[in-house]
There are 2 protein chains.
Amino acid sequence: MATGRTHRPATRSRGIPEATVARLPLYLRALTALSERSVPTVSSEELAAAAGVNSAKLRKDFSYLGSYGTRGVGYDVEYLVYQISRELGLTQDWPVVIVGIGNLGAALAGYGGFASRGFRVAALIDADPAMTGKPVAGIPVQHSDDLEKIIEEDGVSIGVIATPAGVAQQVCDRLVAAGVTSILNFAPTVLSVPDGVDVRKVDLSIELQILAFHEQRKAGEESNAEADAAVDEETATAVAPPAPRGATGGSRKGPDGDVPAVMPA
Amino acid sequence: MATGRTHRPATRSRGIPEATVARLPLYLRALTALSERSVPTVSSEELAAAAGVNSAKLRKDFSYLGSYGTRGVGYDVEYLVYQISRELGLTQDWPVVIVGIGNLGAALAGYGGFASRGFRVAALIDADPAMTGKPVAGIPVQHSDDLEKIIEEDGVSIGVIATPAGVAQQVCDRLVAAGVTSILNFAPTVLSVPDGVDVRKVDLSIELQILAFHEQRKAGEESNAEADAAVDEETATAVAPPAPRGATGGSRKGPDGDVPAVMPA
DNA sequence: AAGTGTGAACTAGTTCACAGCT
DNA sequence: AGCTGTGAACTAGTTCACACTT
């Protein structure tokens, strides 16, 4: 590769895969730790272990950024920290607003990982007038009436939504109208945004539900039959298995013949 | 497989793709909202819109669970709620412990989405003796000395780690040793666990960094040169670009000959 | 000898498009 | 007529394995 110039380098020049982008912060964290311990170089194997991925994946990821390693040696820690920081846009600092200063919003405001590495809490915003002026994590809360003004004045492009689900969409709309183009959503709701605006969501209950799915599977693996039966009885009243509307016996079934045990027929 | 018994149905029977599992909670939430509004049926198109995915994906996802829809009509809301709940293991209730009752842990303890749908906060645990006995969100905090006892007595299999990064791994080890097999990690660190234990992580700063990456890209798209230049000057001193160890000019470059536009050279 | 960088093979996930049921 | 369920085509992501560099 290194030799094949003449450009038109595949599709769209700087096409770093999304999955790779999502891992860069992980590498960066591991590298920063090494940097603090004054470790000069790492191999892909060592760094991968520290980041919790496998080394082939890590090398492939880095290959999208360029050739930043030295064969036979490894990667220069400081140099890589810089390159990844730059790639992620962390060499500039990003003012961030947090909207919704309840328990969660307050916890986020106080979170250390925020201040570090390129992010700065520009403002805390809440709709409750009783909160206005109250300092949270050393920053006075501002009223949401001023949301637009704050965003425009500070040139904020990243917003964090930590409001109740019911108002998240309207908050989002206002943020976007005021110029925010990236949103981190902690409210348990789907946000719709125009093209060009990025939304990422963090959702406790979704994560728990995914864990529960796998947990259930583990439980079922050993003592197959009776575990389910016991569970079913316990919750049978709480969660009634509603019959399908139309046909009752029909062809309605899971891929492995579900329902039977629960169905009162 | 109501009909085709004799098992060994393809690879490992109930092979629901991980990506599908991750979306089931989304569908469930949308369905629950419909259910509360007493909507009897939905089409894949409508439900997909509510869940923020496209309808082909939704139908494919549901096809892994079984044939729960009715052609020409759609899906019965109540029935689907039940089926997905069951699939996710939410028809039983899962006791959960939260370890680390700082700002975040307290916020999680008070989070409504917890109590709903199958999860119950069995205990709050903190290492600080000053916290012991103090009620948080109505639940008295217990000391971490009792961690093993609590987990065993309540049969807890899901643990939430909201401690500082420095102690997260040891907390994790103790949870696992005591019988926890699913962990939701809010500490910004990589946890290593034995086979059979699931870990999911929620990491604010990773999410922000991913947003920053895309944000940076957006900025570069319009007015390419000067926007970056301004930024570089501002932060040039703060983040020095360290030279690579060995060769200085060499072949070191991004896949499409990076730097040019931004570099003052 | 050590360890990167990367084509090639593979696996997972998404989207298409339409047959088939109600 | 309407909408699901799903093979088939496609796209993204991962892993392998080894040529190449230091």
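Heavy-atom accessible surface of segment B:18-88, averaged per residue, reaches 42 Å², computed with a 1.4 Å probe. For a Förster distance of 41 Å, can you work out the FRET efficiency between the beta-carbons of B:Glu152 and B:Val73, rounded to the nearest 0.05? Once the sixth-power term is evaluated, E becomes 0.25. Put a plus charge on the Cβ of each Lys and Arg, a minus charge on the Cβ of each Asp and Glu, and nothing anywhere else: the dipole of segment A:94-202 about its Cα centre is then about 440 debye.
Relative to the other identical copies, B:Ala130 shows label-point distances of 2.6 nm, where the label point lies 7 Å from Cα along the Cβ direction and values run shortest first. Across peptide A:50-59, the mean count of Cβ atoms from other chains lying within 10 Å of each residue's own Cβ comes to 1. The heavy atoms of A:Glu148 offer some 60 square angstrom of accessible surface to a 1.4 angstrom probe.
Would you mind telling me the share, in percent, of accessible area of segment B:55-142 contributed by carbon and sulfur at probe 1.4 angstrom?
In segment B:55-142, the share of accessible area belonging to carbon and sulfur is 53 percent.
With protein chains left intact and a 1.4 Å probe, residues in segment B:94-203 average 41 Å² of accessible area per residue.
Computed with a 1.4 Å probe over protein heavy atoms only, the accessible area of B:Leu184 comes to about 0 Å². For A:Lys201, the lysines whose Cα falls under 20 Å of its own Cα, not counting residues fewer than eight places away in the same chain, are B:Lys57, B:Lys201, B:Lys218.
Going 7 Å from the Cα of B:Arg120 along its beta-carbon direction, which residues of segment B:141-167 have the amide nitrogen within less than 12 Å of the resulting point? Flagged as within label range: B:154-156. Across the identical copies, the 7 Å label point of B:Arg217, projected outward along Cα→Cβ, sits 3.0 nm from its counterparts, in ascending order. Binning the alpha carbon pair distances of segment B:14-64 at 5 angstrom intervals from zero yields the distribution 4, 22, 32, 23, 13, 5, 1, expressed in whole percent. The B-A contact accounts for roughly 8700 square angstrom of buried accessible surface, both chains included, probe 1.4 angstrom.
For A:Lys149, the accessible surface of its heavy atoms amounts to roughly 110 Å² (probe 1.4 Å, protein chains only, rounded to the nearest 10). Taking amide H atoms as placed 1.01 Å from N in the peptide plane, the amide H of A:Val141 lies under 5 Å from those of A:Gly133, A:Lys134, A:Val136, each 5 or more residues away in sequence or on another chain.
The values are calculated or read from the model by the stated rules, or taken from the named source; none is laboratory data. For clarity, every value in this text was computed on a predicted model and none was experimentally measured. Positions of Cβ are generated from backbone atoms using ideal geometry, with glycine treated the same way; all protein chains shown enter the neighbour counts. With ligands, DNA and RNA removed, areas are computed over all heavy atoms of the protein, side chains included. Shrake-Rupley method; radii C 1.70, N 1.55, O 1.52, S 1.80 Å.
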